[in-house]
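Asker: There's a structure below that I have some questions on.
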Amino acid sequence: MRIAVFSARSYDRDYLERANKDHELVFMDAHLESDTVRLAEGFPAICVFVNDDVNADVVAALAAGGTRLIALRSAGYNHVDLSAADAAGITVVRVPAYSPYAVAEHTLALILALNRHIPKAHARVREGNFALDGLLGFDLHGKSVGLFGLGAIGSVVARILHGFGCRVLVCDPFVDANDAPSYVEFADKRTLLQTVDIVSLHCPLTPETYHLIDAEAISHTRDNVMLINTSRGGLIDTKAVIAALKVGGIGHLGLDVYEEEADLFFDDLSDHIIADDVFARLLTFPNVLITGHQAFFTHEALISIATTTMENVSCYENGVSSGNEISLSVIRGD
Ligand code: NAI
């Protein structure tokens, strides 16, 4: 099939070309959005990433241009209007699991780097400053960590934290406690927030989880709680988090995702002025560590994403199910 690959960076080209055997890939730097959707005209398949905006208008334009398949290079699909795709007869496929280890390990990297002030320590040592003032951390051993979501990634995070000697609490209304490992304790949202030293988010962004961590949620946390988000930016009300950072309600914040990241992440903007005042404010805090949606970015994950994406397209072309179609009825719980 001819596939228009949107938001293609050099690594996307490398890994997709290596995984491709049967298809014609046309790489485009542009994000997919209303202004760029005309680039997809005549392509039976398109391939998109997390900050492409596949809204209802885009879906309508894709359908009019002859597109029948949208292949996501991601597990998350909150950036796609699935109802519109369903109505237009466009199939949407995703990569449901590629490397939960990549994201889980990055989550731990943020926790450890924040706790032990690694960026500040590195900068000091490079300048010949070997003073330890301001670098005090805490033992992870014995601390309580609360996870929202015990799916593929949350389960790996739980296992790693258990290895550190942490108490692991989980809030996940869709997981049966009997199916979870014995070292995990289930709790409701409020109890979890009141109990733990670290909160880490591993659930999808849905209408129900939008701003899961807002001012009300933060009002239940311990003072100086550490908050980590490697899932989706919209899970956190960033302005409420900034207010809590200013008064010590939140003691550390580690982000790999940001609710307005679409205009920032994945591009080199070092010569540009950042117009997003909320993001700019986040960068002023010494106890905030942000990475630009790189938790997935390991060699193993990119191989898996590329291989599954090409298989998804081949299955569609051959009229067989890959098992990776996003079914609206399953999402609705029909
Ligand atoms: P998954 O589908 O295996 O697990 C998600 C879990 O969240 C499920 O167990 C589900 O029951 C639970 N959940 C759903 N609604 C919930 C709620 N209201 N409260 C608590 N738990 C809830 O997904 P996976 O693979 O573990 O990924 C988790 C998220 O990580 C994805 O949705 C995606 O947004 C994000 N992600 C981020 C990446 C990055 O590079 N930063 C890369 C890959 C995924």
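Only the coordinates and a few stated rules stand behind these numbers; no lab work does. Predicted model only: the values in this text are computed from it and were never measured. Cβ atoms come from the backbone with ideal geometry, glycine included; neighbour counts cover every protein chain shown.
Asker: Under a cut-off of 23 Å between alpha-carbon atoms, report the lysines in cross-link reach of Lys239, not counting same-chain residues fewer than 8 places apart.
Answerer: Lys189
Asker: Quote to one decimal, in nm, the extra length available between Ile118 and Ile303 on full extension: 0.36 nm per residue of separation minus the C-alpha distance between them.
Answerer: Separation in residues times 0.36 nm, less the Cα-Cα distance, equals 63.6 nm.
Asker: Using only Cα atoms, what Kirkwood radius does the stretch 116-218 have, in angstroms?
Answerer: Result for the stretch 116-218 stands at 15.4 Å.
Asker: Let me ask another. For the stretch 177-235, state which chymotrypsin sites (Phe, Trp or Tyr not before Pro) are in a DSSP loop and have at most 14 other beta carbons lying within 10 Å of their beta carbon.
Answerer: Taking the stretch 177-235 and a limit of 14 other Cβ atoms within 10 Å, the loop chymotrypsin sites (Phe, Trp or Tyr not before Pro) found are Tyr183.
Asker: Between 0 and 90 degrees, rounded to the nearest ten: what's the tilt of helix 299-317 against the longest Cα principal axis of the chain?
Answerer: With both axes taken from Cα atoms, the answer is about 30 degrees.
Asker: Taking every alpha carbon pair in the stretch 100-290, what does the distance histogram look like in 10 angstrom bins from 0, in percent?
Answerer: Histogram of Cα-Cα distances, whole percents per bin: 9, 36, 37, 16, 3, 0.
Asker: Report the semi-axes of the equivalent ellipsoid for the chain in whole Å, largest first, where each axis is √(5λ) for an eigenvalue λ of the Cα gyration tensor.
Answerer: Working through the eigenvalues yields semi-axes of 36, 23, 19 Å.
Asker: A further question on this structure: Quick one: what are the phi-derived ³J(HN,Hα) couplings along the stretch 46-53, Karplus 6.51/-1.76/1.60 with θ = phi - 60°, whole Hz, x for glycine and proline?
Answerer: My calculation for the stretch 46-53 gives 10, 10, 10, 10, 5, 9, 6, 9 Hz in order.
Asker: Sticking with this structure for a sec: Quick one: helix 152-164 against the long Cα principal axis of the chain, what's the angle to the nearest 10°, folded into 0 to 90?
Answerer: 20 degrees
Asker: Restricting things to alpha carbons, find the Rg to Rh ratio for the stretch 165-236 using the Kirkwood radius for Rh.
Answerer: Rg/Rh: 0.94.
Asker: On to the next question. Based on Cβ point charges of +1 for Lys and Arg and -1 for Asp and Glu, what charge dipole magnitude is obtained for the chain about its Cα centre, in debye rounded to the nearest 20?
Answerer: Magnitude of the dipole: close to 960 debye.
Asker: Calculated from DSSP H runs of 4 or more alone, at -39500 (n - 2.57) each and per residue, what is the 222 nm mean residue ellipticity of the chain, nearest 500?
Answerer: It comes out at -10000 deg cm²/dmol, rounded to the nearest 500.
Asker: Which residues in the stretch 36-68 have a backbone N closer than 20 Å to a point placed 7 Å from the Cα of Asp86 along the Cα-to-Cβ line?
Answerer: Inside the label zone: 54-64, 68.
Asker: Write out the chymotrypsin sites (Phe, Trp or Tyr not before Pro) in the stretch 100-155 meeting two conditions: DSSP loop, and at most 10 other Cβ atoms within 10 Å of their Cβ.
Answerer: Passing sites in the stretch 100-155 are Phe130.
Asker: Additional query: With the contact rule set at Cα under 8 Å and sequence spacing of 6 or more, what percent relative contact order holds for the chain?
Answerer: 17 percent
Asker: How big is the gap, in Å, between the Cα center of the stretch 137-184 and the Cα center of the stretch 260-334?
Answerer: Going from one Cα centre to the other spans 24 Å.
Asker: Quick check: Cα centre of the stretch 226-259 to Cα centre of the stretch 1-74, how many Å?
Answerer: 32 Å
Asker: According to a simple spin-label model (label point 7 Å from Cα along Cα-to-Cβ), what is the distance in nm between Asn224 and His162?
Answerer: That separation, rounded to one decimal, is 2.9 nm.
Asker: ³J(HN,Hα) across the stretch 237-246 via Karplus (A = 6.51, B = -1.76, C = 1.60, θ = phi - 60°), whole Hz, x for Gly/Pro?
Answerer: Listing the rounded values in order: 7, 4, 5, 5, 5, 4, 4, 6, 5, 5 Hz.
Asker: Could you tell me which of Val125, Ile213, Cys315 has its Cα farthest along the dipole of the chain towards the positive end, charges placed at Cβ (Lys, Arg +1; Asp, Glu -1), taken about the Cα centre?
Answerer: The one lying farthest along the dipole's positive direction is Val125.
Asker: Determine the dipole magnitude for the stretch 100-290: charges of +1 sit on the beta-carbon of Lys and Arg, -1 on that of Asp and Glu, nothing else is charged, the reference point is the Cα centre, and the result goes in debye to the nearest 20.
Answerer: So the magnitude is around 780 debye.
Asker: Now for a separate question. Looking only at Val320, Val26, Val196, which one moves most when the chain is put into a Gaussian network model with springs between Cα atoms under 10 Å?
Answerer: Val320
Asker: At 7 Å along Cα-to-Cβ for each site, give me the label-to-label distance between Leu39 and Asp57 in nm.
Answerer: 1.8 nm
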